[in-house]
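Everything below concerns the one structure shown next.
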Amino acid sequence: MVILGRQGSGKGTQCAHLVGQYGCVHVSTGDMLRAAREEGTELGIAAGELMDAGELVPDDIMNGIVAERLQKDDVLSRGVLLDGFPRTPDQAEALEAMLGDGGLTLAVNLDVAVEVVTSRMVERGRADDTPEGIARRLELYEAQTAPLLEWFGDRGILEVVDGVGEEDDVFSRLRSVIDPLV
């Protein structure tokens, strides 16, 4: 399963609930990159050099790191909840190829309005959560994610879940789309 949503939509909080409920492995892009780097894999070293230079990790390296992670025993035995990957239709195509037929079960978009996530990010008070920084990240997300949502929708595996409200209410909405598939 893939979880999508704007920064500040509550993905991290809901991923913790999903892992507790379903026993799957939560794999985030940041965690994958750090783990590959720490393991000293060829791809991890290449990604680390790019990150140190402030560059985005290109699809070929990111796809390779994800492919390595998806072959680990915990993912193979328990399934995976991907957070932050794929970010583009090209990455989604690569993921589909990695998992094979029927491997990609569901993509959930945790939908929270821009105004709400902006307010949430301002309230959490991180150093990079300036109005300009927030606006830029949300702009990039919109540009990258619209085609990705269409890609998942074309395959009939996209569910949009309202991410506004109490934490437990949002989790209940997520369960209502996931439970029929497990």
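Overview of values
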{"quantity": "Restricting region 97-159 to trypsin sites (Lys or Arg not before Pro) in coil, as DSSP defines it, with at most 10 other Cβ within 10 Å", "calculated": "ARG126"}
{"quantity": "Most mobile of GLN21, GLN91, GLN144 in a GNM of the chain (Cα contacts under 10 Å)", "calculated": "GLN21"}
{"quantity": "Within the chain: Cβ-based charge dipole about Cα centre, in debye rounded to nearest 20 (Lys, Arg +1; Asp, Glu -1)", "calculated": "340"}
{"quantity": "Loop-exposed GluC sites (Glu not before Pro) per DSSP, neighbour cap 13 Cβ within 10 angstrom, longest uninterrupted part of the chain", "calculated": "56-165"}
{"quantity": "Top positive-direction residue, dipole computed over the chain with Cβ charges, set ALA16, LEU4, ILE157", "calculated": "ALA16"}
{"quantity": "Among MET98, MET62, MET51: highest mean-square fluctuation, GNM of the chain, C-alpha pairs under 10 Å", "calculated": "MET51"}
{"quantity": "Inverse of mean 1/r across different Cα pairs in the chain, Kirkwood, Å", "calculated": "17.1"}
{"quantity": "Computed lengthening from ASP169 to ASP101, 0.36 nm per intervening residue step minus Cα-Cα distance", "calculated": "21.2 nm"}
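Since every read-out is calculated from the coordinates, none of them should be taken as a lab result. Keep in mind it's a predicted model, so treat the numbers as computed, not measured. Backbone-built Cβ (ideal geometry, glycine too); neighbour counts: all protein chains shown.
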